[in-house]
Amino acid sequence: MLKVRLLQNMVDISMSQNVSEVKMDKTKIDRINYLARKSKTEGLTNAERAEQQALRNEYREGFRRSLTVQLENTYCIDEYGNKIKISDRNAEKLKEHKENKK
């Protein structure tokens, strides 16, 4: 069995984006939480629903960007010491799967 260790390069996390671009502002997160509580108790107006949806979409997009940056800097190391990027490793597996399917 192949032993794999995950290695994350935290120094290069800002290679393609600033960390400030990835994180959402605390006031916006507080607003999301406020609207969620209000929707459960009183209900929301149409304007508040639209605002809630826009804020949630912004939060999801920031989460995806953050995860992408983290995965771009994550590597697997095989038993021979070869450092393989996660995305490269997945591409290899997909290629092998397609070849085995034939």
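So, in region 71-81, of the ones that are of a type outside the set (Phe, Trp, Tyr) and either surrounded by 14 or more Cβ atoms within 10 Å (Cβ to Cβ) or assigned to a helix (DSSP H, G or I) (or both), which residue ends up nearest to the chain's Cα centre (by Cα)?
Looking at the filtered set, the residue picked out is 71.
When residue 93 is evaluated against the numbered criteria (1) surrounded by 12 or more Cβ atoms within 10 Å (Cβ to Cβ); (2) modelled with pLDDT under 90; (3) of a type in the set (Lys, Arg), which criterion, by number, is the only one it fails?
(1)
Look through region 21-56, keep the residues that are under 25 Å from residue 87 (Cβ atoms) and loosely packed, with under 14 Cβ neighbours inside 10 Å, and return whichever of them is farthest from the chain's Cα centre (by Cα).
For region 21-56, the residue satisfying everything is 21.
Please name all residue pairs, on different chains or six or more residues apart, with Cβ atoms under 9 Å, provided the first residue is in region 38-56 and is over 22 Å from residue 26 (Cβ atoms) and the second residue is surrounded by 13 or more Cβ atoms within 10 Å (Cβ to Cβ) and not small (Gly, Ala, Ser).
Hits for this filter: 49/35.
If you scan region 32-70, which residues turn out to be among the aliphatic types (A, V, I, L, M) and assigned to a loop (DSSP other than H, G, I, E, B)?
Of all residues in region 32-70, those among the aliphatic types (A, V, I, L, M) come to 32, 35-36, 44, 47, 50, 54-55, 67, 69.
Result: 44, single match.
The values are calculated or read from the model by the stated rules, or taken from the named source; none is laboratory data. Remember, it's a predicted structure, so these values are computed and weren't measured experimentally. Please note: Cβ atoms are built from the backbone with ideal geometry, for glycine as well, and neighbour counts cover all protein chains shown.
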